[in-house]
Amino acid sequence: MKRASRIGLGAYVAAARGTLVVQPRMGMGDPAAMAAAVRAVAALPARTAATITLDSYTRVGDHRGARRALAAGERLNGFPLVAHGPAVTARVADPAGPGVPVQVRHGSARPGRIFATMATAGLCDTEGGPVSYCLPYGRIPLAESVACWAEATEELAAACAAQGLRAHLETFGGCLLGQLSPPSLLVAMSVLEALFFARHGITSVSLSYAQQTDAVQDVEALAALRHLAGELLPAGLDWHVVLYTYMGVYPRTAPGAWRLLGDSAEIAVSGGAERLIVKTVAEAHRIATVGENLAALVHASRTAERAYRHCALPRIGQVDYAQVLDEARALIEAVLGLADDVGRGLLRAFAGGLLDVPFCLHRDNRGLTRGTIDAGGRLVWAKTGRLPLPASARPRIHRMTSTDLLSLLSHVADRQDGRGR
Amino acid sequence: MRHHRRILLSTVSSDAHTWNLVYLQMLLEEHGCTVTNLGPCVPDDVLVRAAREEQPDAIVISSVNGHGHIDGARVMRALRRDPGTRHLPAVIGGKLGIGGTADEDHAAALLAAGFDVVFPDSADAAALPEILDGLAAGSAREAVLAGGAR
Ligand code: B12
């Protein structure tokens, strides 16, 4: 397939310096609709990156299920990239033009076919990770995910290099289950997955972190993430930080949804993140329309522009981030101390409970930890299990009923919707 | 009066969401149920086998990724075909299509596939234990439930 080559996500973000790059999570089953969405995102005056988000069948490797649903005229929750194949995918990405990157977002513990298909289509920007696309995304054993990710990552790097392109991988480790994982675990997972990518031939990465329950705490986490990335990633690796607008239960009202999105844009700017992936007013209810995605991008970009000039939040250089830094560093060092290879270290850490994701049902997760929200609204540890955390982590244990869980999960939404504190 | 019930809790093959499952397990346990939670992305044959072996008092399926109306109907037909599971009461709820509350016409197809109760997107999960009681008493078969609309 011959086509003009497109700018990569890493280079695009580097060139945007001083302007927040904004990006949707957007995917639909129909190629014409997906192409129109890519075109509309790229055409916005805001500094955007385009996205092709994949459907759930493709994520679990059920490409037959995706084809069957397409044939039956069903509406999918994303773009079935493997079922459509590389030629259709290349046509869908084309309307972005050479100057706007197109990232594939997938959620697969076995990403090999997705990576091969997208690379054949000339797409080299994607995301995920051996832990973050395994534990929250299904029942594939962690060891299998780590092996699949190692192989697929190397193949992606090679397939892109063969076309004169540079693969870019973003960690999903800064999100995990979207809610109730304290920031230090998110920061640690993001750095560990970036190290994994670098170890397997990737030279351009981004490190994610998802907005949680308290804006200042999030700026602290972003400060710790930059600090540790600067310290631990190999010299010469191109990297930037990407913030995700809140990934947990979203406000149900439009004003609440706008406020939460605006807050995330301010956190991104104050915390020095270079890119933001937005959420829409439809988030709590259904898959968003293209129009809702465009409106979210415009709002985030405008809010960010204002925040560069003035913002009530402290800037990254003004916060004391020692606690999240110490906790995240302790987790990372424990993993790196378990094996020379970061993939093997991750496996041993989960087996021993040195990494343990709160509320995660996956069989390879020990399940001895819990997160909660303290009286001041910060996300903290309720149970630390066997995590090798410094004493400052001070768990606060309480019994939890289904009603308690629901109110923790809805804390952010209720606040923005004008209910609760 | 409530009896001790055994519930098989599951989602569908393509659905990775688990907060719904964690929450529903806690809720049902608080109402005296013993719950087997099959976790995320449950292949059809895993669910059918578990149902055959456990003979639960009810199967509760939760899906929120928007494919629940497709995957739910498919696995339900498999459960109704299998002589070892065809008699088991089964309910489904969550966010079953990608169109929000506009999608509620999926209910008819899911009932036709064999579900006893289909909860609309707006249903309050807190109503579930009581509806399971009704199912066990044999009163709710074929019922189309609003399940306590919002
Ligand atoms: C957290 C989250 C995630 C996390 C999940 C982590 C995990 N392992 O659970 C992550 C980030 C990994 C994720 C991934 C994806 N997600 Co998601 N996710 C959410 C989010 C933000 C919150 C869900 C949640 O935790 N709710 C808390 C629980 C307790 O509530 P609940 O699930 O809503 O269930 C309640 C009711 O529905 C009801 N209920 C549920 N089941 C049942 C069953 C019965 C019988 C009854 C009576 C009631 C009932 O009771 C519950 C309590 O009130 C929602 C949007 C939102 N609500 O804000 C999207 C959302 C559910 N996700 C969505 C999608 C599409 C995905 C992806 C496919 C990615 C994509 N294409 O965008 C992937 C999943 C991949 C896959 N293979 O399925 C869509 C579904 C669209 C739709 N149905 O129209 C939503 C609505 C977001 C959106 N608007 O696009 N997601």
Give the percent of DSSP beta bridges with both residues in the protein assembly as shown that are antiparallel, rounded to the nearest 5. 10 percent
Here the relative contact order (percent) of chain A, from C-alpha pairs under 8 Å and at least 6 apart, is 16 percent
List, in order, the whole-Hz ³J(HN,Hα) value for each residue of segment A:37-50 obtained from phi through the Karplus relation with A = 6.51, B = -1.76, C = 1.60 and θ = phi - 60°; use x for Gly and Pro. 5, 4, 4, 5, 5, 5, 7, 4, x, 5, 7, 10, 10, 8
What part of the accessible area of chain A, given as a whole %, is carbon or sulfur when the probe is 1.4 angstrom? 53 percent
Could you sort A:74-86, B:77-89, A:331-343, A:249-261 so that the peptide with the highest average Cβ count within 10 Å comes first and the rest follow in order? A:74-86, A:249-261, A:331-343, B:77-89
Over the whole of B:115-126, what's the average partner chain Cβ count within 10 Å per residue? Rounded to a whole number, please. 1
Among A:H106, A:A50, A:A304 the positive-end extreme of the charge dipole of the protein assembly as shown (Cβ point charges): A:A50
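Rounded to whole Å and sorted largest first, what semi-axes of the equivalent ellipsoid does the C-alpha gyration tensor of segment A:54-138 yield via the square root of 5 times each eigenvalue?
20, 18, 10
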Given charges of +1 on the Cβ of Lys and Arg and -1 on the Cβ of Asp and Glu, with all other atoms neutral, how large is the dipole of the protein assembly as shown about its Cα centre, in debye to the nearest 20? 520 debye
How big is the Cα convex hull of the protein assembly as shown in projection, averaged over all directions, in nm²? 24.0 nm²
Mind checking the per residue accessible area of segment A:9-318 for me, 1.4 Å probe, whole number of Å²? 31 Å²
Sorted by number, the cysteines in chain A with no other cysteine beta-carbon under 4.7 Å are A:C134, A:C148, A:C175, A:C311, A:C360
Springs between alpha-carbon pairs under 10 angstrom, Gaussian network model over chain A: which of A:L232, A:L389, A:L379 fluctuates most? A:L232
Along its three principal axes, how long is segment A:9-318 when you only count alpha carbons? Whole Å, largest extent first please. 51, 41, 37
Need one value for A:172-178: mean number of C-beta atoms belonging to other chains within 10 Å of its residues' C-beta atoms. 1
Let me have the relative contact order for chain B, percent, based on Cα pairs under 8 Å that are six or more residues apart. 21 percent
Which one, B:L79, A:A210, A:P183, projects farthest toward the positive side of the charge dipole computed for the protein assembly as shown from Cβ point charges (K/R +1, D/E -1)? A:A210
Could you give the size of the charge dipole of segment A:64-210 about its Cα centre, using +1 on the Cβ of each K and R and -1 on the Cβ of each D and E, expressed in debye and rounded to the nearest 20? 460 debye
If you roll a 1.4 Å probe over chain B with all protein chains in place, what percent of the accessible area is carbon or sulfur? 54 percent
Point-charge dipole on Cβ atoms (K/R +1, D/E -1) for segment A:185-337, about Cα centre, debye to 20: 500 debye
Can you give the Kirkwood hydrodynamic radius of segment B:1-45 from its Cα pairs, in Å with one decimal? 11.0 Å
Using alpha carbon positions and the Kirkwood radius, the Rg to Rh ratio of segment A:274-378 is 1.08
Once ligands and nucleic acids are excluded and a 1.4 Å probe is used, how much of A:S392 is accessible, expressed in Å² to the nearest 10? 50 Å²
Leaving out ligands and nucleic acids, and using a 1.4 Å probe, what accessible area per residue does chain B come to in Å²? 39 Å²
Order these peptides, A:208-216, A:50-58, A:15-23, by their mean beta-carbon neighbour count within 10 angstrom, highest first. A:50-58, A:208-216, A:15-23
Expressed to one decimal in nm², the mean projection of the alpha carbon convex hull of segment A:1-125 is 7.2 nm²
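Counting only other residues whose beta carbon sits under 15 Å from that of A:G271, what net charge do I get with K and R as +1, D and E as -1?
Local charge sum for A:G271: -4.
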Go ahead and estimate [θ] at 222 nm for chain A from helices alone: -39,500 (n - 2.57) per DSSP H run with n ≥ 4, summed, over the residue count, rounded to 500. -14000 deg cm²/dmol
Expected-Rg normalisation [2.2 N^0.38 Å, Cα atoms] applied to segment A:92-152: 1.23
In whole Hz, with x marking every Gly and Pro, tabulate ³J(HN,Hα) for segment A:171-180 from phi via Karplus 6.51 cos²θ - 1.76 cosθ + 1.60, θ = phi - 60°. 6, 9, x, x, 10, 6, 7, x, 7, 6
HN-Hα J couplings of segment B:22-39 from phi, Karplus 6.51/-1.76/1.60, θ = phi - 60°, integer Hz, Gly and Pro as x? 4, 5, 5, 4, 4, 4, 5, 5, 5, 9, x, 7, 9, 10, 9, 9, 7, x
Among A:T153, A:T372, A:T403, which one shows the highest mean-square fluctuation when chain A is modelled as a Gaussian network with alpha-carbon springs under 10 Å? A:T403
Comparing A:H299, A:H310, A:H240, which has the greatest mean-square fluctuation in the GNM of chain A with Cα pairs linked when under 10 Å apart? A:H310
Going from the alpha-carbon gyration tensor of chain B, what semi-axes, largest first and in whole Å, does one get by taking the root of 5 times each eigenvalue? 19, 18, 15
I need the Kirkwood Rh of segment A:329-421: take the reciprocal of the average 1/r across all distinct C-alpha pairs and report it in angstrom. 14.8 Å
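Averaged over its residues, how many other protein chain Cβ atoms are within 10 Å of peptide B:15-21's Cβ atoms?
Partner-chain Cβ atoms within 10 Å, mean over residues of B:15-21: 6.
The values are calculated or read from the model by the stated rules, or taken from the named source; none is laboratory data. Since we're looking at a predicted model, the values are computed, not measured. So basically every Cβ, Gly included, is an ideal-geometry build from the backbone, and we count neighbours across all protein chains shown. With ligands, DNA and RNA removed, areas are computed over all heavy atoms of the protein, side chains included. Shrake-Rupley method; radii C 1.70, N 1.55, O 1.52, S 1.80 Å.
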